[in-house]
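Have a look at the structure below, then the notes.
The values are calculated or read from the model by the stated rules, or taken from the named source; none is laboratory data. Nothing here was measured: the structure is a model prediction, and the numbers come from that model. Don't worry about glycine lacking a Cβ; one is built from the backbone with ideal geometry, like all the others, and counts go over all protein chains shown.
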Amino acid sequence: MITNVHLPLLVSLLLAGSSPVLATRLSPARAGTALVAAAAAAAAASTTWVLLLLTVAFAPTTHLLSGRMAGGGRLVHPVPAAVAVAVVIGLAAATLRVANVLRRRHRITRQLRALCQTCGVGREELIVAPIAQPHAFAVPGRFGHGDSSGGRILVTVGMLRALDAPGRRALLAHERAHLTGRHHRHRAVMEIAAALNPLLIPARAAVTYLVERAADEHAATTIGDRRVAADALATAALAAAAPAGGTHPAVSPDTALAYSRFGLARRVAALHAAPLPERHLLLVLLIALATHTAAQTIHTVAAFSSAELAHIPIPGL
Amino acid sequence: MAGGRRPAGALESEVMAALWAADQPLTPGAVQEVLDGELAYNTVQTILVRLHDKGMVSRTPSGRGHAYTPTAGPTDRAAEQMQALLEHGPDHDTVLQRFVTSLSDADESTLRRLLRRRRPQ
């Protein structure tokens with residue numbers, strides 16, 4: 001085992017501790033991107049380390065017994081059996097979680113597109129579902145519509161009726177911001193990162209909040225009035241929460257907790273307040289952390305490979 | 001308004017949203033009024049004709065012009081599909097990009113307070 005195995009762990013813990021604070025202190029658009037980069041690097045690093053550890057533990061031909069790698073990392077060999085077993089179990093669980101995430105994404109994407117097909121006639125950006133429950137979604141995809149990067153906005157009649165004209169404009173601008181900002185990719189990366197490394201779950205929650213905040217800010221800028229954007233959001237949320245038609249979705253205790261922390265009230269309050277300033281130093285630190293983690297990981301893999309190659313006789317020579 | 005010029009697709013979406021929100025067919029003048037007079041009458045008229053050409057709205061004679069209403073998709077099928085989409089609730093929210101999600105009681109009362117502060121009239 002190599003000493004800087006602790007790096008991905010430290011970075012993940014650091015992100016777990018700091019992301020709730022970063023989410024509410026930083027201007028959302030750039031903070032979201034930086035946090036995604038840092039979390040992706042942490043997930044890649046921890047996964048790489050697990051795989052390296054497995055190689056050392058289970059490949060009897062490994063030459064890392066020599067105790068030293070080109071990069072100067074120290075090795076502990078053999079890997080204790082208990083550690084090896086724990087790593088195998090952890091890796092199997094992570095694989096299952098990733099498979100689960102991918103399957104769920106696939107199913108939801110299919111359902112969203114089917115609904116768009118039922119309710120739309122062509123390649124239009126806005127798809128309205130004739131349903132009284134208020135809902136609105138951004139549906140990424142390639143439908144050939146330039147304004148929304150090819151994606152679509154799916155809303156129900158109930159949502160459109162709950163809002164006035166400026167509110168509807170704010171809603172459309174919000175959804176369009178998700179599509180042009182490619183926020184679904186941010187969230188997909190975070191889903192997979194958190195599936196690989198559960199320490200990144202708080203960072204995932206922070207990114208979910210930050211992309212919504214980024215879209216809220218975009219909507220406020222588009223309509224030119226933060227208060228109108230705040231009202232649209234509050235009105236839509238209250239309409240969606242009203243148990244009209246009796247199909248009020250139950251709020252699990254877990255969800256309620258998550259929302260009281262990063263919830264709608266917070267988004268509305270943020271629109272009532274002045275826009276947050278860009279804090280460049282924090283952003284640079286986040287990006288530096290991401291870069292350092294990625295570079296260290298690449299370095300380790302390279303050192304590992306060269307240590308191995310140096311000892312492996314090449315057949316035919 | 002601060003947004004300035006908006007692309008044609010965005011204007012079409014806005015007009016469609018206004019037509020869907022109304023509970024009766026709207027004339028170009030009525031659409032213009034609903035949108036707070038943000039668009040010129042001719043612009044609204046042009047958009048409505050384009051939407052009609054695409055089959056997204058149907059029209060009925062009204063006065064000297066037409067009144068427009070959205071062409072509704074099959075409601076039952078849509079309701080079924082929406083139900084399927086939402087049945088997993090919070091679990092799905094990790095993937096779905098929703099404008100609003102479920103509210104806690106605390107959130108709900110905070111939102112009502114924030115809305116009241118805004119609208120004393």
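Screening segment A:109-119 for residues that are facing chain B (nearest Cβ under 7 Å) and surrounded by 21 or more Cβ atoms within 10 Å (Cβ to Cβ) and picking the one that is farthest from the chain's Cα centre (by Cα) gives A:119. Please work out which residue is farthest from the chain's Cα centre (by Cα), limiting yourself to segment A:177-211 and to residues that are facing chain B (nearest Cβ under 7 Å) and more than 20 Å from residue A:91 (Cα to Cα). Per the stated criteria, the residue is A:178.
Among the conditions (1) at pLDDT below 90; (2) under 30 Å from residue A:133 (Cβ atoms); (3) over 17 Å from the mean Cα position of the chain (by Cα), the only one that residue B:63 does not satisfy is (2).
Remark: pairs (first residue in segment A:189-205, among the polar types (S, T, N, Q); second residue buried (at least 21 other Cβ atoms within 10 Å of the Cβ); Cβ separation under 8 Å; 6+ apart in sequence or on different chains) = A:197/A:8; A:197/A:12; A:197/A:42; A:197/A:43; A:197/A:46. Against the test of being part of a helix (DSSP H, G or I), at pLDDT below 65 and basic (Lys, Arg), the options A:261, A:267 yield a single qualifying residue, A:261. Yes or no: segment A:221-236 includes at least one residue that is among the basic types (Lys, Arg), crowded, with 24+ Cβ neighbours inside 10 Å and within 7 Å of another protein chain (Cβ to nearest Cβ). No, segment A:221-236 has no match at all.
Give segment B:16-38 a look and list any residue that's assigned to a loop (DSSP other than H, G, I, E, B), over 23 Å from residue A:129 (Cα atoms) and under 16 Å from the mean Cα position of the chain (by Cα), or say none.
Here is the first cut: in segment B:16-38, the residues assigned to a loop (DSSP other than H, G, I, E, B) are B:22-25, B:27, B:35-38.
Those still in the list that are over 23 Å from residue A:129 (Cα atoms) too: B:36-38.
Hits for segment B:16-38 are B:36, B:38.
Checking the condition buried (at least 23 other Cβ atoms within 10 Å of the Cβ) and hydrophobic (A, V, I, L, M, F, W, C), which residue from A:43, A:37 passes? Break it down stepwise before answering.
On the way: A:37 fails: buried (at least 23 other Cβ atoms within 10 Å of the Cβ).
Selected residue: A:43, the only one of A:43, A:37 that is buried (at least 23 other Cβ atoms within 10 Å of the Cβ) and hydrophobic (A, V, I, L, M, F, W, C).
If you filter segment A:212-238 down to residues that are under 22 Å from the mean Cα position of the chain (by Cα) and small (Gly, Ala, Ser), you find that the one that is farthest from residue A:94 (Cα to Cα) is A:219.
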